[in-house]
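Have a look at the structure below before the remarks.
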Amino acid sequence: AIARVRVGDNLITADLDAIRRRLCAHPDIRDAVVSRRIPGGILVRVYERTPIAAVDARGRYVLDEEGCVLSPRKEAACRALPFVTGPSFRALRPGDRMRSPAVRRALEVVKACRETELGRQVELVSVDVSDPENTVLRSGSIQEIRMGGEDLDERLRLLSFVLKQRRLRGIEGPASYLDLRWKDVAEMPLRRDVVSMRAPRGGRE
């Protein structure tokens, strides 16, 4: 229906470029390849966009890794996605592209978590980019993971290391925060009447 190709159309005169443009205009389609198959067919290959995060902009919208706003069909099919929070989002429409540096930073973090072992180590709930100097992750077990504003790739590698150390030391329980902004990693466990700071990399406690 999107391609507007019908049985009985003239194979030789069919405008393949126009068919491709119509397909790529759909918010859920990243790319399409259209070719003739002699003697009597048109082959269409469609590459869909994959939602990786959600935003609340007078309603829930889902984004792919490029910041493209996808259709309500994609939104309804993808409920368990981390939220990008912090910026004040205007009303969105499917097909819009979010280009702000803050959103791009959040999507890079989500993508990194999906594509590395962090995806198995942390249940990412949201990425807060309200403060350009401190990107904050929230997970199912750690209320705040404070990443700072620079070298996020290095901070994500450090986060993976710290989570491994927590598991090896048998301290995978919930925590109020995990602060990765400084040389010494600080942690605040969620324990009644107990406050402690830990430095798993050998720094001062």
Of the residues that make up region 156-178, is at least one touching a residue at least 24 places away in the same chain (Cβ under 8 Å), acidic (D, E), farther than 19 Å from P51 by Cβ and out of contact with any Leu (no Cβ under 9 Å at 6 or more places or on another chain)? no
For region 60-69, what are the residues that are open to solvent by less than 30 Å² (accessible area, probe 1.4 Å) and part of a loop (DSSP other than H, G, I, E, B)? D64, G67
What do you reckon, is V103 surrounded by 13 or more Cβ atoms within 10 Å (Cβ to Cβ), among the hydrophobic types (A, V, I, L, M, F, W, C) and in contact with a Lys or Arg (Cβ under 8 Å, 6 or more places away or on another chain)? no
Contact list, first residue from region 1-23 and over 16 Å from R37 (Cβ atoms), second anywhere and assigned to a loop (DSSP other than H, G, I, E, B) and of a type in the set (V, I, T), beta-carbon distance below 8 Å, six or more apart or interchain, is R22/I2; L23/I2
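Every residue, every condition in (1) crowded, with 16+ Cβ neighbours inside 10 Å; (2) within 30 Å of N134 (Cα to Cα); (3) β-branched (V, I, T), yes or no:
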residue: L11; (1), (2), (3): no, no, no
residue: E48; (1), (2), (3): no, no, no
residue: D56; (1), (2), (3): no, yes, no
residue: A76; (1), (2), (3): no, no, no
residue: V84; (1), (2), (3): yes, yes, yes
Could you count how many residues in region 70-121 are part of a strand (DSSP E or B) and over 30 Å from I171 (Cα atoms)? 1
Selection from region 13-39 of residues that are over 25 Å from D96 (Cβ atoms) and either assigned to a helix (DSSP H, G or I) or open to solvent by 80 Å² or more (accessible area, probe 1.4 Å) (or both): T13, D15, L16, R36, R37, I38, P39
Select, from S160, S130, the only residue that is open to solvent by less than 80 Å² (accessible area, probe 1.4 Å), farther than 28 Å from D56 by Cβ, at pLDDT 90 or above and of a type outside the set (D, E). S160
Only one residue in A102, A14, A77 is over 30 Å from V122 (Cα atoms), out of contact with any helix residue (DSSP H, G or I) (no Cβ under 8 Å at 6 or more places or on another chain) and of a type outside the set (D, E). Which one? A14
Given the conditions (1) farther than 20 Å from A112 by Cβ; (2) open to solvent by 70 Å² or more (accessible area, probe 1.4 Å), every one holds for V44 apart from (2)
Going through region 122-150 one residue at a time, which ones are more than 21 Å from A102 (Cα to Cα) and not in a loop (DSSP other than H, G, I, E, B)? I142
Determine if region 67-88 includes at least one residue that is more than 11 Å from P27 (Cβ to Cβ), aromatic (F, W, Y) and over 13 Å from the mean Cα position of the chain (by Cα). no
Kindly evaluate V69 against the criterion of being of a type in the set (A, V, I, L, M), under 24 Å from S130 (Cβ atoms) and in contact (Cβ under 8 Å) with a residue 12 or more places away in the chain. yes
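The values are calculated or read from the model by the stated rules, or taken from the named source; none is laboratory data. Just so we're clear, the structure is a prediction, and the values are computed from it rather than from any experiment. Neighbour counts run over all protein chains shown; Cβ positions are idealised from the backbone, glycine included. Accessible surface is based on the protein model in full, side chains and every heavy atom, while ligands, DNA and RNA are left aside. Shrake-Rupley method; radii C 1.70, N 1.55, O 1.52, S 1.80 Å.
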